[in-house]
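Novice: Below is the structure I would like to discuss, written out as structure tokens.
The values are calculated or read from the model by the stated rules, or taken from the named source; none is laboratory data. Everything numeric in this text was worked out from a predicted model, so none of it was measured. Don't worry about glycine lacking a Cβ; one is built from the backbone with ideal geometry, like all the others, and counts go over all protein chains shown. Just the protein is used for accessible areas: all its heavy atoms, side chains included, with ligands, DNA and RNA removed. Shrake-Rupley method; radii C 1.70, N 1.55, O 1.52, S 1.80 Å.
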Amino acid sequence: MDSGGPFIIIDRVSKTYPGGQAALRDVSLTVSRGETVVVIGPSGSGKSTLLRSICGLEEVDSGSITIEGQTVTENPRLRDLMRPELGMVFQSFNLFPHLTVMKNLTLAPIRVRGLAREAAEAAAAGLLAKVGLADKAEAHPSQLSGGQQQRVAIARALAMNPKVMLFDEPTSALDPEMIGEVLAVMKDLSNEGATMVVVTHEIGFAKEAGDTLIFMDEGEIVERGPARDFFNHPSTDRAIQFLDKIIS
């Protein structure tokens, strides 16, 4: 639930890829502390580009992105310094296959945060318990199901103690029976007041956990508002067409 002031301010951001494809068109969005913002829309609407722009994986062509009062689009060094504060969970799990689960979780806190190994391992053990994988600390990613690997990926992002979590279609690569276990972890984070931006096609999660819903199409924010209001009373023809296709 929105419980604080602005944490991320995106102001009139545009991004065009080589070849002329406009991924973002004059996008503005504010994410408040403790708020869960859910972003939905058809494939190619700019959702993932928006997330990647926030965490600095994409350079924007114009506009600004401000995180905790720091305009990171104007200063590459500042953007790099802020990146550890942004926990990113991708469609693919991106775990290090040659490392155990425990080492996957402790590598960045030790090397980037400077945490002592004992403290990093204690924190990691707590996070594995939080995502229901306390018994998998010494397993390798290949020994885990897709749902378990994605929960490890979430725990790894949380191990850096980020100030905001960014999720890019975190369940899209999972078998249907594994989706629920990942969404349950994400719902718990939302209920605990984590600041989250979630790109997803999981309508149930959007309804239950989302505070604000953003509907994007062709690189633009077409509609925004309380999540439940969007699904009950969409206000644009494009949103109505989209919902008819995914809900029918």
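Novice: Sorted by mean Cβ packing within 10 Å, highest first, what order do the peptides 148-159, 20-31 take? The partial results should precede the final answer.
Specialist: Working: 148-159: 24.6, 20-31: 17.5.
Most protected by this proxy first, the peptides run 148-159, 20-31.
Novice: Length gain on complete extension for the stretch Leu78 to Leu99, per 0.36 nm per residue less the alpha carbon to alpha carbon distance? Don't skip to the end; give the middle numbers.
Specialist: Values: separation 21, 0.36 × 21 = 7.56 nm, distance 3.02 nm.
Here the segment from Leu78 to Leu99 would lengthen by 4.5 nm.
Novice: Okay, moving on. Solvent-accessible area per residue for region 1-48 at a 1.4 Å probe radius, Å²? Show your work: numbers first, answer last.
Specialist: Working: 2080 Å² over 48 residues.
Per-residue value: 43 Å².
Novice: Could I ask something else about it? Rolling a 1.4 angstrom probe over the protein chains, ignoring ligands and nucleic acids, what is the accessible area of Met196 in square angstrom, nearest 10?
Specialist: 0 Å²
Novice: What does the charge dipole of region 46-87 about its Cα centre add up to, to the nearest 20 debye, if the Cβ of each Lys and Arg holds +1 and the Cβ of each Asp and Glu holds -1? Spell out each step's value before the answer.
Specialist: Values: 5 positive and 7 negative charges, 25 e Å.
About 120 debye.
Novice: In debye to the nearest 20, how big a dipole does region 70-117 give about its Cα centre with +1 on each Lys and Arg Cβ and -1 on each Asp and Glu Cβ?
Specialist: On the way: 7 positive and 3 negative charges, 47 e Å.
The dipole of region 70-117 has a size of about 220 debye.
Novice: Another question, then. Using a 1.4 angstrom probe on heavy atoms only, work out the carbon and sulfur share of the accessible area of the chain in %. Don't skip to the answer; put the middle values down first.
Specialist: Working: 5480 of 11510 Å².
Roughly 48 percent, rounded to a whole number.
Novice: At 222 nm, what value in deg cm²/dmol follows for the chain if DSSP H runs of at least 4 each add -39500 (n - 2.57) and the sum is divided by all its residues, to the nearest 500? Walk me through the numbers on the way to the answer.
Specialist: On the way: 9 runs with 94 residues, N = 248.
Mean residue ellipticity at 222 nm (helix-derived): -11500 deg cm²/dmol.
Novice: Also: Among the aspartates and glutamates, select those whose C-alpha is under 19 Å from the C-alpha of Lys207, and discard any that sit fewer than 8 residues away in the same chain.
Specialist: Asp2, Glu35, Asp168, Glu169, Glu181, Asp188, Glu192, Glu223, Asp229, Asp244
Novice: According to a simple spin-label model (label point 7 Å from Cα along Cα-to-Cβ), what is the distance in nm between Glu138 and Tyr17?
Specialist: Modelled inter-label distance: 4.4 nm.
Novice: So what's the net charge close to Glu85: Lys and Arg +1, Asp and Glu -1, counting the other residues with Cβ under 13 Å from its Cβ? Show your work: numbers first, answer last.
Specialist: Values: positive: Arg33, Arg79, Arg83, Arg113, Lys163; negative: Glu68, Asp80.
Residues close to Glu85 contribute a combined charge of +3.
Novice: Can you give me the C-alpha center-to-center distance between region 3-65 and region 109-180, rounded to a whole angstrom?
Specialist: The distance from the Cα centre of region 3-65 to that of region 109-180 comes to 25 Å.
Novice: Another question, then. Put +1 on the Cβ of each Lys and Arg and -1 on the Cβ of each Asp and Glu in region 1-79; which of Gly20, Ile10, Val38 then has its Cα farthest toward the positive end of the dipole?
Specialist: Gly20
Novice: Beyond a 19 Å Cα-Cα separation, which of these cross-linked pairs lie in this structure: Lys15/Lys187; Lys15/Lys47; Lys47/Lys163; Lys15/Lys163; Lys103/Lys136; Lys136/Lys187?
Specialist: Over 19 Å apart, Cα to Cα: Lys15/Lys187; Lys47/Lys163; Lys15/Lys163; Lys136/Lys187.
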